[in-house]
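One structure is given here, and the rest of the page talks about it.
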Amino acid sequence: MIKLKTAEQIEAMREAGRVSAKALRKTGELVRPGISTLELDRFAENLIRMEGGIPAFLGYGGFKGSICSSLNDQIVHGIPSREVILREGDIISIDVGAIIGGWVGDNAATFAVGEIDPKTRRLLEVTEQCMWDAIDAARSCNRLGDIGHAVQSRAEGAGFSVVREYVGHGIGRSMHEPPNVPNYGHKGQGLKLKSGMVLAIEPMINLGTHRTRGPFEDHWTVFTEDGSPSAHFEKTVAITDDAPIILTAE
Ligand code: MG
């Protein structure tokens, strides 16, 4: 069942969102060749705790990190490790969330490590724009299909592809609540969006095929089937009678 939030509850979610956004921004500032994904993870965890929050991902389904760190052809759910060292030309999706006062925030962005290939640079730009288009479609007059269509048309129009198996989600007192928020769909179709819905909108866009493989031995990391790069941007957004409110904002 979809849990609609009151205006007061949405206000309360802003604090979890603020800390999630700060953790993402500050951790992203550390991205550079030579740093390990475990160092990024420890920094994010420390920041969230210093702000009075609990890392939302740590221990979730047994996950061992406070961030998901997904490099290059890894789409989502990469596990931080001292053995994974960023190199010039990599891209890294950092996905991080905080719990404060029982409310959860969730956001992600993909960062370039030094200079990256121009096509991959374009993938990052288009994926971020897909997220903004989707947020703009998150209005109480629209339907879920409008969000998916906004992402899909932008991504495919640029020659990229939309991951099907992993989608955005409702969020509130739990990180994953109904409804699922696909990044593909048809205008005017699907569930009607209502004021009080809070959604994690998170396009995952591949440079090559939309198909995925994995997770394998680590039970988490998801890869593109063809080894092409994948980008991921996410914000937690509240639907209102007016413009959507971005909760993961500082
Ligand atoms: Mg999410």
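Laid out as a table, the results:
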{"read-out": "Estimated FRET transfer efficiency (Tyr60, Glu88; beta-carbon r; R0 30 Å; 0.05)", "value": "0.40"}
{"read-out": "Radius 13 Å from Cβ of Ile79, net charge of other residues (Lys, Arg +1; Asp, Glu -1)", "value": "-3"}
{"read-out": "Long-range amide H partners of Leu193 with built H, under 5 Å", "value": "Asn142, Arg143, Leu144"}
{"read-out": "For q = 0.12, 0.15, 0.17 Å⁻¹, Debye-computed log10 I/I(0) when each Cα of the chain counts as one equal scatterer", "value": "-0.62, -1.00, -1.28"}
{"read-out": "Only Lys, Arg (+1) and Asp, Glu (-1) charged, at Cβ; the chain dipole about Cα centre in debye", "value": "460"}
{"read-out": "Relative contact order [Cα under 8 Å, 6+ residues apart], the chain, whole percent", "value": "23"}
{"read-out": "Placed amide H near Asn183: partners under 5 Å, 5+ positions off or other chain", "value": "Gly168"}
{"read-out": "Viscosity 1.567 mPa s, 4 °C: Kirkwood-radius Stokes-Einstein D of region 116-250 over Cα pairs, µm²/s", "value": "86"}
{"read-out": "Of Met204, Met50, Met131, the one that fluctuates the most in a GNM where the chain has Cα springs shorter than 10 Å", "value": "Met50"}
{"read-out": "Cubic angstrom per residue, convex hull over Cα atoms of region 100-157", "value": "97"}
{"read-out": "Exposure proxy ranking, count of Cβ atoms within 10 Å, fewest first, for His169, His232", "value": "His169, His232"}
{"read-out": "Mean separation of Cα contacts under 8 Å (6+ apart) over length of region 1-103, as relative contact order %", "value": "34"}
{"read-out": "Rel. contact order, % - alpha carbon contacts under 8 angstrom, at least six apart, region 109-165", "value": "29"}
{"read-out": "Nonlocal amide H pairs with Met204, under 5 Å, H built at 1.01 Å", "value": "Val163"}
{"read-out": "Fewest-first ranking of Trp132, Trp103, Trp220, using other Cβ atoms within 10 Å as the exposure measure", "value": "Trp132, Trp220, Trp103"}
{"read-out": "3J(HN,Hα) from dihedral phi, region 121-129, Karplus parametrisation 6.51/-1.76/1.60, rounded to Hz, x for glycine, proline", "value": "4, 5, 4, 4, 4, 5, 5, 5, 5"}
{"read-out": "Distance cut-off 14 Å, percentage of C-alpha pairs in region 37-77 lying past it", "value": "48"}
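Read-outs: derived from the displayed coordinates by stated rules, not from any lab. What you see is a predicted model, and the numbers here were worked out from it, not measured in a lab. Note: ideal-geometry Cβ built from the backbone for every residue, glycine included; neighbour counts use all protein chains shown.
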